[in-house]
Amino acid sequence: MVDVAIIGHGVVGSGVAEIIINHNELISQKAKRQINLKYILDIRDFPDLPYSDKFIKDFDTILNDDDVRVVVETAGGATFAYDYVKACLLRGKSVVTSNKELVALKGAELLKIAQDKNINFLFEASVGGGIPVLRPIAQCLAANDLIEITGILNGTTNFILTKMIKENMQFDDALSMAQRLGYAERDPSADIDGHDAARKICILASLAFGKHIYPEQIKTDGIRGMLLSDVELASRMGYVVKLIGHSKVLGDKVSASVCPAVIPTGSVISNVEDVFNIIKVRGDAIGDVAFYGRGAGKLPTASAVVADVIDCVKHLAARKYLFWEDGDKDYVVDPDSVAYDYMIITSVANADALATLGCNTVEHNGSVAGIVEKTSKNDITTRLQKCGINDYRVFRVID
Ligand code: HSE
């Protein structure tokens, strides 16, 4: 029998407890050992739950119990969660987490401890909720030199943009609807300002390219205040606006960003709507491969956590595949200095000036848009300013 503990009985933690208890025979069979949920650490009491006897308030009970070989961290944040996870790993306990903030900030350090201790630190649920993506990147695509990752990594912003594109809703109305439906938090900053997606592209790119990328190295623009007129103009030009996490290998460095981008209608990514996520990975042998599904939710996310628990129990004395090294300050280049295609949107009064940049322009409702090919955003900014254009929005073209 293997004892398991859960730290944090919130949405995901309670889902993990329910799955371990309700599917105990099935998951124990798959792990080839009896899995026993021994402790749940939470500051709150849950007296009405059928498993209320498992709740504890002292972390040391878990740490000092040598029968607890696997610890699930679903508390969130990178303060207490970091201390607890690190302490458990140092004690030789494998750890499973859904905590993207922790992995994005401390992944390299925690993976190194797990390597030194010959135990596992797994976090499939930290990106894409229940969508299997980290394990396929690390295992199934292992024969590839991976070169690019592109994704819709945040369901809340995809829901908001879908409402703007399909139902002509203004940004604020779509955000209120997302909050009413429970997708967006009361403080929606982490989603709409792109920080949630930035943490996820950090994890994906670190794993795919082998060196840690930290959130502060990711150029991050969100969709706060996105103009409906820009979304409409992009649609007229045959594009949809999506919040995209992107990272690409450039020699021995990478570019990495989160930004609102325009995607050609008809491409796989353009058709991903509502709260759905997609992660497209490009490898030198396989070409493009995509992973699609619901990127959040209690049971989908908990199912990915429990699958990692099963993996840990099956490999108590062996290291699994996940690893990346620490990165360095110069590893990530500024994406605004890299040549990409861009859509520029400005006031119709600037149409002639925009055309001098080599754009074919389209006008709608007082705005004009054009595409500039293979030019860096920094160059575009300089050229627009030379033309006297100061009110403009720039969207990277990604397919
Ligand atoms: N707030 C996130 C999203 C949930 O909207 O995708 C999972 O990270």
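The values are calculated or read from the model by the stated rules, or taken from the named source; none is laboratory data. All of these numbers come straight from a predicted model, not from anything done at the bench. All Cβ positions, even for glycine, are placed from backbone atoms using ideal geometry, and neighbour counts span all protein chains on display. These area figures cover heavy atoms from the full protein model, side chains too; ligands, DNA and RNA do not enter into them. Shrake-Rupley method; radii C 1.70, N 1.55, O 1.52, S 1.80 Å.
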Expected unfolding gain across THR356-SER189 under the 0.36 nm per residue rule, minus the alpha-carbon gap, is 56.4 nm
Of all DSSP beta bridges having both residues in the chain, the percent classed as antiparallel (nearest 5) is 65 percent
In this structure, the FRET efficiency calculated for SER229 and THR79 from their beta-carbon separation, with R0 = 41 Å, to the nearest 0.05, is 0.50
Rounded to 0.05, the calculated FRET efficiency for the beta carbons of ASP328 and GLU167 at R₀ = 45 Å is 0.50
Pseudo-spin-label distance LEU316 to MET1, built 7 Å along Cα→Cβ, given in nm, is 1.2 nm
Note, VAL368: beta-carbon cut-off 15 Å, +1 each Lys/Arg, -1 each Asp/Glu, net -3
Sorting LYS374, LYS242, LYS163, LYS314 on solvent-accessible surface, 1.4 Å probe, most exposed first, gives LYS374, LYS314, LYS163, LYS242
Under a 1.4 Å probe, counting only protein heavy atoms, ARG33 has an accessible area in Å², nearest 10, of 100 Å²
Between the Cα axis of helix 155-167 and the main Cα principal axis of the chain, the angle (0 to 90°, nearest 10) is 40 degrees
Per residue, accessible area of the stretch 145-294 with a 1.4 Å probe, heavy atoms of protein chains only, in Å², comes to 38 Å²
If one compares the long axis through the Cα atoms of helix 195-209 with the longest principal axis of the Cα atoms of the chain, the angle in degrees, nearest 10, works out at 80 degrees
Output row, site ALA349, 7 Å Cα→C-beta label point, backbone N cut-off 14 Å, window the stretch 356-385, residues 366-368
Dipole check, the chain, charges on Cβ (K,R +1; D,E -1), about Cα centroid: among ALA87, SER255, TYR214 the Cα furthest to the positive pole belongs to ALA87
Computed about the Cα centre, the charge dipole of the stretch 145-294 from +1 Lys/Arg and -1 Asp/Glu charges at the Cβ has a magnitude in debye, to the nearest 20, of 180 debye
Extension length gain for ASP379 and ILE147 (0.36 nm per residue less Cα distance), in nm, is 81.1 nm
With DSSP loop assignment and no more than 12 other C-beta atoms within 10 Å, the GluC sites (Glu not before Pro) in the stretch 275-375 are none
In degrees rounded to 10, the 0-90 angle between helix 377-386 Cα long axis and the longest Cα principal axis of the chain is 30 degrees
So the FRET efficiency between ASP45 and GLN179, C-beta based with R0 = 25 Å and rounded to 0.05, is 0.30
